[in-house]
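Enquirer: Just dropping this structure here.
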Amino acid sequence: MSKIRLGVNIDHVATVRNARGDVYPSPLRAALLAQKSGADSITIHLREDRRHIKDEDLKNIKLKLKIPLNLEIAATKEMMKIVLKRKPSFVCIVPEKREELTTEGGLNLRFKKNFLKKIINNLKKVSRISLFVEPNLKDIRDSKNLKVDCIEIHTGKFCNLVNKNKNYKSELNKIKKAINLGNKLGLEVH
């Protein structure tokens, strides 16, 4: 088994800052504090609507951080250009809906598949690429066929079942099978 690593997502530090309409709390300060406290990586999501992390946050965090930066993005030309310019260590392509508060499901790998493949090929020139996917075997195989390095499995349904005190074993088994297939195919699985 590989070493367990801690990645800290600081998006909602920016959410609070933006709600205040001020400069604090600082996402940069949060990233540096997490780094100082032993985090192995920092995750930020640069959404198309910039509802929390802003372009300036990305620039400053990338400049000052000494540990890897994982940038979550939607599969768009604009985001591809930003990644090619900023060159974060890792990029996770996630679905994005305007009305959601946070990412609520895995990426639809069959929607605009050729465009997604093109983005992945371009981004692999500067970053390690992962996809945020549902825990189903087709998505795991499709991820491998898209030649990504890694997958991040959406566990929202499992979490909701646990929180509602409902039977979650079937969903947990789906996640385990997805992890096993991902490992068997040579994908890093988060």
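The values are calculated or read from the model by the stated rules, or taken from the named source; none is laboratory data. Only a predicted model underlies this, so the values are computations on that prediction, with no experimental measurement involved. So basically every Cβ, Gly included, is an ideal-geometry build from the backbone, and we count neighbours across all protein chains shown. We work out accessible area using only protein heavy atoms, side chains counted, and drop any ligands, DNA or RNA first. Shrake-Rupley method; radii C 1.70, N 1.55, O 1.52, S 1.80 Å.
Enquirer: Going toward the positive end of the dipole of the stretch 32-160, with +1 on Lys and Arg Cβ and -1 on Asp and Glu Cβ, which of L116, S41, P95 do you reach last?
Expert: Farthest along the dipole direction, towards plus: L116.
Enquirer: With just the Cα atoms defining each centre, how far is the stretch 106-137 from the stretch 147-173? Give it in Å.
Expert: The distance from the Cα centre of the stretch 106-137 to that of the stretch 147-173 comes to 20 Å.
Enquirer: Further, regarding this structure: Using the beta-carbon distance between L63 and K166 and R0 = 41 Å, what value does 1/(1 + (r/R0)^6) give for FRET efficiency, to the nearest 0.05?
Expert: 0.35
Enquirer: Now for a different question. Between K184 and C159, what length comes free when the chain is fully extended (0.36 nm per residue of separation minus the Cα-Cα distance, one decimal in nm)?
Expert: The span from K184 to C159 would gain 6.5 nm if fully extended.
Enquirer: On the Cα set of the stretch 1-97, report Rg and Dmax in Å, please.
Expert: Over the stretch 1-97's Cα set, Rg and Dmax evaluate to 13.1, 45 Å.
Enquirer: With respect to the cross-link table entries K62/K117; K117/K147; K87/K118; K77/K157; K3/K174, which display a Cα-Cα separation exceeding 20 Å?
Expert: The answer is K62/K117; K77/K157; K3/K174.
Enquirer: In nm, give the distance between the simple-model label positions of K147 and L6, each being 7 Å from the Cα along the Cα-to-Cβ direction.
Expert: The two pseudo-label positions are separated by 3.7 nm.
Enquirer: So, R0 is 25 Å and r is the distance between the beta-carbons of K85 and D40; what FRET efficiency does that work out to, to 0.05?
Expert: It comes out at approximately 0.55.
Enquirer: May I ask for the net charge around I42, where only other residues with Cβ less than 13 Å from the Cβ of I42 are counted and Lys, Arg are +1 while Asp, Glu are -1?
Expert: After counting each charged neighbour, the total is +2.
Enquirer: Let me ask something additional. Per the 1.4 Å probe, what fraction of the accessible area of the stretch 70-190, in percent, lies on carbon and sulfur atoms?
Expert: 51
Enquirer: Might you tell me the accessible area per residue for the chain, computed with a 1.4 Å probe and given in Å²?
Expert: Per residue, the chain has 58 Å² of solvent-accessible surface.
Enquirer: Let me spell out the model: positive unit charges on the Cβ of Lys and Arg, negative unit charges on the Cβ of Asp and Glu, origin at the Cα centre of the chain. What dipole size does that give, in debye rounded to 20?
Expert: I would put it at about 580 debye.
Enquirer: Something else: In percent, how large is the relative contact order of the stretch 1-144, given Cα pairs closer than 8 Å and 6 or more residues apart?
Expert: The normalised contact order for the stretch 1-144 reaches 18 percent.
Enquirer: Still on this structure, please answer the following. Take peptides 178-188, 109-119 and line them up by average Cβ neighbours within 10 Å, highest first, as a rough protection proxy.
Expert: Descending mean neighbour count gives 178-188, 109-119.
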